[in-house]
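**Student:** One structure coming up, written as structure tokens, with questions to follow.
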Amino acid sequence: MNTIRITLCLALSLCVPTASIFSAEADASFPASIVSSALPSALELVNVPTELSVKEDGSILMGASGHTNLFNSPNGVGVYTGAPMLLFPTSGDFTLSARIDAKLVNVYDVAALVMYVDGQNWTKLCYELSAEKCPTVVSVVTRGISDDCNSEEIDTDFVYMAMCRRGQECSFHFSRDGVKWKMVRHFRFESSRMPRIGFAVHAAYGEGLSASFSDIHYWTSAPANMRSLDLKLLSVE
């Protein structure tokens, strides 16, 4: 696997749950940002992964160490922002889709698509090992506190996921085959700043997790009906 290009920008983020700050610079083994041929701009690395590589087709492999998370607990006590993330900027409406492959072993092992403004305002669509120890589609919307919702169980080591935004309106979708999509969540996510979007991996209770993000597609448009997703109908710009 080859890293296509290294750029000079650095991304910083609070790490769980102390005031310490880490970045990609903390480990010279990893670039601060990477370029995927599937996406229009460089992805900035937030928090240090255990592994990171990009194939010529744009597929991304990223790993997280154990006891990493991205979650603002509803009990108001825990704010966890140490998950390795790869994020790129948006400037308007978009749809991002990818196939996510991961062998989920421990409860709350997660590989996800992320829409991120800051540590208090973000969303993620997860392929997650639930508390029932079953791979599950899970959505989280965080406006200060995380609103966490489990959806359907998945009986394979992979799933297709997509997130869409049109104005302040957002929707999450998943697919078992990359063709037929089902809505997970439809919601409004207001922000004065445009979010960055991309990918995250974390392992809250386990010793670590690696995930592959492949068949990545990005459009600068969103479905006319945000509750229904047909990738063939999206305009390619």
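**Student:** Would you confirm, using the coordinates I've provided, whether residue 105 is in contact (Cβ under 8 Å) with a residue 40 or more places away in the chain and assigned to a strand (DSSP E or B)?
**Tutor:** When the stated conditions are applied, residue 105 does not pass them.
**Student:** Something else now. Which condition number in (1) in contact (Cβ under 8 Å) with a residue 24 or more places away in the chain; (2) within 26 Å of residue 178 (Cβ to Cβ); (3) buried (at least 22 other Cβ atoms within 10 Å of the Cβ) is the one that residue 126 fails?
**Tutor:** Only one criterion in (1) in contact (Cβ under 8 Å) with a residue 24 or more places away in the chain; (2) within 26 Å of residue 178 (Cβ to Cβ); (3) buried (at least 22 other Cβ atoms within 10 Å of the Cβ) is unmet by residue 126, namely (1).
**Student:** A follow-up question, please. What is the one condition in (1) surrounded by 15 or more Cβ atoms within 10 Å (Cβ to Cβ); (2) farther than 16 Å from residue 78 by Cβ; (3) in contact with a Lys or Arg (Cβ under 7 Å, 6 or more places away or on another chain); (4) not hydroxyl-bearing (Ser, Thr, Tyr) that residue 138 does not satisfy?
**Tutor:** Of the numbered conditions (1) surrounded by 15 or more Cβ atoms within 10 Å (Cβ to Cβ); (2) farther than 16 Å from residue 78 by Cβ; (3) in contact with a Lys or Arg (Cβ under 7 Å, 6 or more places away or on another chain); (4) not hydroxyl-bearing (Ser, Thr, Tyr), the odd one out for residue 138 is (3).
**Student:** Among (1) under 14 Å from the mean Cα position of the chain (by Cα); (2) farther than 13 Å from residue 216 by Cβ; (3) of a type in the set (Val, Ile, Thr), which single condition is residue 48 missing?
**Tutor:** (1)
**Student:** Given the criterion modelled with pLDDT of 95 or more and outside any loop (DSSP other than H, G, I, E, B), identify the matching residue among 131, 98.
**Tutor:** Going through 131, 98 in turn, the sole match is 98.
**Student:** On to the next question. Report, ordered by the first and then the second residue, all pairs with beta carbons closer than 6 Å, sequence separation of six or more or different chains, a first member in the range 35-53 that is without any contact (Cβ under 8 Å) to a residue 40 or more places away in the chain, and a second member that is assigned to a loop (DSSP other than H, G, I, E, B).
**Tutor:** 35/4; 35/5; 35/42; 37/58; 47/82; 47/84; 48/27
**Student:** Tell me, which residue of the range 115-156 that is of a type in the set (D, E, K, R) and within 17 Å of the chain's Cα centre (by Cα) is nearest to residue 205 (Cα to Cα)?
**Tutor:** Ranking the candidates gives 128 first.
**Student:** Those residues that are under 16 Å from the mean Cα position of the chain (by Cα), within 25 Å of residue 40 (Cβ to Cβ) and of a type outside the set (Phe, Trp, Tyr), I need them from the range 202-237; list them, please.
**Tutor:** 211, 212, 214, 215, 216, 217, listed by residue number.
**Student:** Something else: Condition first: modelled with pLDDT of 95 or more, closer than 23 Å to residue 204 by Cα and surrounded by fewer than 18 Cβ atoms within 10 Å (Cβ to Cβ). Can you find one or more residues in the range 15-33 that meet it?
**Tutor:** There is no residue in the range 15-33 that is modelled with pLDDT of 95 or more, closer than 23 Å to residue 204 by Cα and surrounded by fewer than 18 Cβ atoms within 10 Å (Cβ to Cβ).
**Student:** With the range 141-228 as the region, which strands (runs of 3 or more DSSP E) entirely inside it contain at least 1 residues that are surrounded by fewer than 18 Cβ atoms within 10 Å (Cβ to Cβ) and at positive phi?
**Tutor:** 208-219
**Student:** Looking at the range 61-87, which of the residues that are farther than 21 Å from residue 139 by Cβ and among the hydrophobic types (A, V, I, L, M, F, W, C) is surrounded by the fewest Cβ atoms within 10 Å (Cβ to Cβ)?
**Tutor:** 77
**Student:** Could you say whether any residue in the range 56-68 is of a type outside the set (Lys, Arg), at pLDDT below 95 and not in a loop (DSSP other than H, G, I, E, B)?
**Tutor:** No: the range 56-68 contains no residue that is of a type outside the set (Lys, Arg), at pLDDT below 95 and not in a loop (DSSP other than H, G, I, E, B).
**Student:** Among the numbered conditions (1) within 13 Å of the chain's Cα centre (by Cα); (2) of a type outside the set (A, V, I, L, M); (3) loosely packed, with under 15 Cβ neighbours inside 10 Å, tell me where residue 99 comes up short.
**Tutor:** Exception for residue 99: condition (3).
The values are calculated or read from the model by the stated rules, or taken from the named source; none is laboratory data. Just so you know, these numbers come straight off a predicted model, no measurement behind them. Glycine gets a Cβ as well: all are built from the backbone with ideal geometry, and neighbour counts include every protein chain shown.
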